[in-house]
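Worksheet for the structure shown next.
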Amino acid sequence: MNLYSIFLKNLQIEKRVISENQEYSYGQIYNFIENTSNIIKKFKKNEKIFLISKNFFSYLILFYACSKLGKTFIPINNSLSKNQILDVYEFIKPDLIFFSSEYSFLKKYIKSKNTILDSNFFRYSKNNDKEILYNKKLSKKYSNKNFIITFSSGTTASPKPILYTQKIKYDRYLHIKNIYKIIKNDNILLTSPVDHSLGQRILFLATLTGCNLLYLKKYNKRLFKKFIKNENISFSILSSNYINLMKNELLKKKIKIKKIVSAASTLSVKDKLDFKKKNIKLYEMYGAAEVGTITNLLTFNSKKESSVGKILQNCDVKILDDNLRILKNEKIGEIACKTNLKLKNYYKSKDLTKKSFFKNYFLTGDLGYKDKENFLYFVSRKKDVIISSGENIYPSDIEREAIKFKGISECCAIGIPDKYFGEALFLVCVIKKKNIKIEIRLRNFLRNRLANFQQPLGYDFVKSLPKNRLGKIVKEEVKKIYIKKKLDLSKQIRKILN
């Protein structure tokens, strides 16, 4: 579908989009979209449109201007370095480059006359709000043309360029709207960056349905409380990291959101049970930018807290071994997903697209298993599995038990190269207060909860862990820190054996 025609069909002029320091009605946004469309039309070559900006509203406007005109939009992560931005520019080779004033320095490096400040978007066109009422015809124009090129979340060194059509985005919108029964009266909170697919999912959910949308670019407890109190938030998809940060306020009902969905990384079973006890409507989803939402779990109405949810009706999941053979229920292997919500392809990357699918099933790179009732269980990223003395150690097994220890808010199990074991298990824990005896107490705690081969050989206690913009712990960054320290974790064991 043409998303802009859906936007107009459900448009309520008086509804609002609000950020920390700006607020516009949908009527104003409509005018900005029309004005921006006219700017784009002035350029003869205007198929691929690139935006790097500090202004959330610029992204919103260009999503719909590009939908209306059938252009390909490349929304860029505004936390990238200069060299990373230029790398993306060279890879995409866009026709038009829009940017906010903070990125004016790019003119020195980009050899193009088609560079325009996004402040030009925020002017009124000759249309007025009343004219919107006469522009509500649905259109399928441009539905299968290239629409958005976005990049995967960046937990790897090379984010993948994911290509969507308008039809894919429309189908994903309907899918999530139906799962969570979203209506026009909902007030939706967005905290994810909109250059990423999760942020886009929430943005389109709100604006295509005609809901009030509230945007916070990063977690801020004071602003969260203010927004939620003043605007009566009814729905949000939040990273599990944000939910954990707000946990006490949510459990004490100081912060109230009618429906919360946890995404990006898994919630601990303990967190799910704590929310269940308080009858808070908390959901968990599993999915990927390439395939959309695959599972859904309503935690307070389920006895499957250790799962990431039941596989949805329009999705099929197979668990595959290393030879791509289908495994039986309860057997751990790679999660492979088949759905009509999948990406079109990886942009300019035929080989990567081909390698990422097996018989039309997307290979997620995640390890997990299914049960006989079609619930899915996430175990680990395939690349994060630790192989120590020939034993496969799944980090989530260690982290799930360690997080139960009082005083630990987050933890990360990693494998460090070792002379004796090949890889040695190392556990990094986030604590609020330093305690000299905490390692001894934690070792004793885990001794009764984990097998011998799962016991960490080393520990560290820190104030925070490196994370990406979606709140996921970046294990590769954690590993780099401790590999540089050249720890010899099996030294004492080798002395005893020798």
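The values are calculated or read from the model by the stated rules, or taken from the named source; none is laboratory data. Please read all numbers here as calculations on a predicted model, not as lab measurements. Heads up, the Cβs are rebuilt from the backbone with ideal geometry, glycines too, and the neighbour counts pull from every protein chain shown. All accessible areas refer to the heavy atoms of the entire protein, side chains included, with ligands and DNA or RNA removed. Shrake-Rupley method; radii C 1.70, N 1.55, O 1.52, S 1.80 Å.
Beyond 44 Å, how much of the Cα-Cα pair distribution for the chain remains, as a whole percent?
Cα-Cα pairs in the chain separated by more than 44 Å: 17 percent.
Evaluate the stretch 380-492: find the radius of gyration of its Cα atoms, find its Kirkwood radius, and give the ratio Rg to Rh.
Ratio of gyration radius to Kirkwood radius for the stretch 380-492: 0.93.
Using a basic spin-label model with each label point 7 Å from the Cα along Cα→Cβ, how many nm lie between Asn232 and Asn10?
2.0
Roughly speaking, what is the stretch gain from Lys432 to Lys254, that is 0.36 nm per residue apart minus the C-alpha to C-alpha distance, in nm to one decimal?
This chain segment gains 61.9 nm when fully extended.
Normalise the Cα radius of gyration of the stretch 140-239 by 2.2 N^0.38 Å (N = residues in it) and let me know the number.
Cα Rg divided by the expected 2.2 N^0.38 Å: 1.16.
Based on a Kirkwood Rh over C-alpha pairs, give the Stokes-Einstein translational diffusion coefficient of the stretch 360-439 at 25 °C and viscosity 0.890 mPa s in µm²/s.
168
Given Lys184/Lys221; Lys169/Lys359; Lys68/Lys256, which pairs have Cα atoms separated by over 30 Å?
Lys68/Lys256
Out of all DSSP beta bridges with both ends in the stretch 135-216, state the antiparallel percent to the nearest 5.
Here the antiparallel bridges make up roughly 55 percent for the stretch 135-216.
Between the alpha-carbon centers of the stretch 271-298 and the stretch 474-498, tell me the distance in whole angstrom.
Rounded to whole Å, the Cα centres lie 35 Å apart.
Got the relative contact order for the chain handy, in percent, Cα pairs under 8 Å and 6 or more residues apart?
That works out to 11 percent.
So what's the gap between the Cα centers of the stretch 345-373 and the stretch 201-216, to the nearest angstrom?
29
Using a 1.4 Å probe over the heavy atoms of the protein chains, calculate the carbon and sulfur portion of the accessible area of the stretch 236-333 as a whole percent.
46
Taking the stretch 4-126, how much of its Cα-Cα pair set, in percent, is spaced more than 17 angstrom apart?
When all Cα pairs of the stretch 4-126 are counted, 56 percent exceed 17 Å.
Pop out the carbon and sulfur fraction of the accessible area of the stretch 1-100 as a percent, whole number, probe 1.4 Å.
48
Strictly over 32 Å apart at the Cα level, which of Lys113/Lys160; Lys82/Lys318; Lys259/Lys480 would you flag in this model?
In this structure, Lys82/Lys318; Lys259/Lys480 lie more than 32 Å apart at Cα.
Per DSSP H run of at least 4 residues, take -39500 (n - 2.57); add these up for the chain, divide by its residues and hand me the 222 nm value, nearest 500 deg cm²/dmol.
Mean residue ellipticity at 222 nm (helix-derived): -8500 deg cm²/dmol.
Which value in nm describes the separation of the simple spin-label points at Ile481 and Gln313, placed 7 Å from the Cα toward the beta carbon?
Simple spin-label model gives 4.6 nm for this pair.
Could you work out how far apart the two model spin labels at Phe91 and Asn329 are, taking each label as a point 7 Å from the Cα in the direction of the beta carbon, and quote it in nm?
4.1
Volume per residue, Å³, of the convex hull around the alpha-carbon atoms of the stretch 267-410?
In the stretch 267-410, the Cα convex hull volume per residue is 142 Å³.
In terms of Cα to Cα distance under 19 Å, which aspartates and glutamates are near enough to Lys229, apart from those fewer than 8 places away along the same chain?
Output for Lys229: Glu20, Glu23, Asp186, Glu249.
Please report the Cα spread of the stretch 222-326 along all three principal axes, rounded to whole Å, starting with the longest.
The Cα atoms of the stretch 222-326 stretch 52, 27, 23 Å along their principal axes.
How big is the equivalent ellipsoid of the stretch 274-341 along its three axes, where each semi-axis is √(5λ) from the Cα gyration tensor, reported in whole Å from largest to smallest?
Output for the stretch 274-341: semi-axes of 26, 15, 9 Å.
Using DSSP, restrict attention to beta bridges with both residues in the chain and report what percent are antiparallel, rounded to the nearest 5.
Percent antiparallel among DSSP bridges in the chain is about 60.
Under a 1.4 Å probe, what is the accessible area of the chain per residue, stated in Å²?
I get 48 Å² per residue for the chain.
Cα-based Rg of the stretch 249-290 per 2.2 N^0.38 Å, rounded to two decimals?
After normalising by residue count via 2.2 N^0.38 Å, the value is 1.24.
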